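The values are calculated or read from the model by the stated rules, or taken from the named source; none is laboratory data. The structure presented is a predicted model; accordingly, all values stated were derived computationally and were not measured. Every residue, glycine among them, receives a Cβ derived from its backbone with ideal geometry; neighbour counts consider all protein chains shown. Side chains are part of the model used for accessible areas, which takes the heavy atoms of the whole protein and leaves out ligands, DNA and RNA. Shrake-Rupley method; radii C 1.70, N 1.55, O 1.52, S 1.80 Å.
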Amino acid sequence: MPRKQFDLIVFDWDGTLMDSTATIVKCIQAAAKDLALPIPSREQAAHVIGLGLGEAMQVAMPNIDPKYYPRMVERYRYHYLAKDHELTLFDGVQEMLQDLSQQGFFLAVATGKSRVGLNRALNAAGLLSTFDATRCADETFSKPHPAMLQELTRELGQDLKRTVMIGDTTHDLMMAQNAGSSGIAVEYGAHPVDQLMACNPVFSARTVPQLHQWLNEHA
């Protein structure tokens, strides 16, 4: 049966599939505290989720001496690795991915994580063989540049117009716009709903089961 709109469904990782937003925020704040730097607010730290790590630190803390950015990344990684094993997928993610895969959709991940970090997370979640392709921020341009989606569609022989990007941040939705793809927002992650809606997603899901249902009926 031909699919309605999309052949390729691309997911963000942190805050979309993995329940990691609060942990990332706390690790950014802990890194700043370690270096006796001004500690970003929850909103400042959450806003940069989805960007590559180096860029994220610069956006979260724009007014510090640039020499501290590499040390912020180093301390962030230290704190995140200590908590990495505690992170879990959002309820319903496993079932949704399994169902979409069985329906024959191409599935991919586009993330601000590093390749090492994503592979570790995929392995821990038992999802290493679930996705047809993945792109990380240390392999290409960071969101919202369209390169991740352009490269994923090229690799899988897909059409950007029949590709949808699903994410919890404006970085994800702007990347979709910049690539000429559709975007779906999830409201349970890092960015406020009003900011997500300003990016004109084709749908906005309050929960994973609601996202799953919409994809089954409309994708």
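Before we move on, is Glu151 of a type outside the set (Lys, Arg) and modelled with pLDDT under 95? Before you say what the answer is, go through the steps one by one.
Values: of a type outside the set (Lys, Arg): yes; modelled with pLDDT under 95: no.
No.
Of the residues Ser101, Ser20, which single one is open to solvent by less than 70 Å² (accessible area, probe 1.4 Å) and in contact (Cβ under 8 Å) with a residue 60 or more places away in the chain? Can you show your working first?
Numbers: Ser101 fails: in contact (Cβ under 8 Å) with a residue 60 or more places away in the chain.
Within the list Ser101, Ser20, the selection yields Ser20.
Select the strands (runs of 3 or more DSSP E) contained entirely in segment 108-219, then report the ones holding at least 3 residues which are in contact (Cβ under 8 Å) with a residue 60 or more places away in the chain. Spell out how you get there, then give the answer.
On the way: elements: 133-136, 163-167, 182-186, 203-205.
The strands (runs of 3 or more DSSP E) meeting that bar are 163-167.
I'd like the full set of residues that are open to solvent by 10 Å² or more (accessible area, probe 1.4 Å) and either in contact (Cβ under 8 Å) with a residue 12 or more places away in the chain or in the same structural domain as Gln58 (by the TED database) (or both), limited to segment 1-17.
Let us first name the residues in segment 1-17 that are open to solvent by 10 Å² or more (accessible area, probe 1.4 Å), namely 1-5, 7, 14.
Correct list: Arg3, Lys4, Gln5, Asp7, Asp14.
Considering only residues that are loosely packed, with under 14 Cβ neighbours inside 10 Å and either in contact with a helix residue (DSSP H, G or I) (Cβ under 7 Å, 6 or more places away or on another chain) or under 18 Å from Glu151 (Cβ atoms) (or both), which ones fall in segment 104-129?
Across segment 104-129, the qualifying residue is only Leu128.
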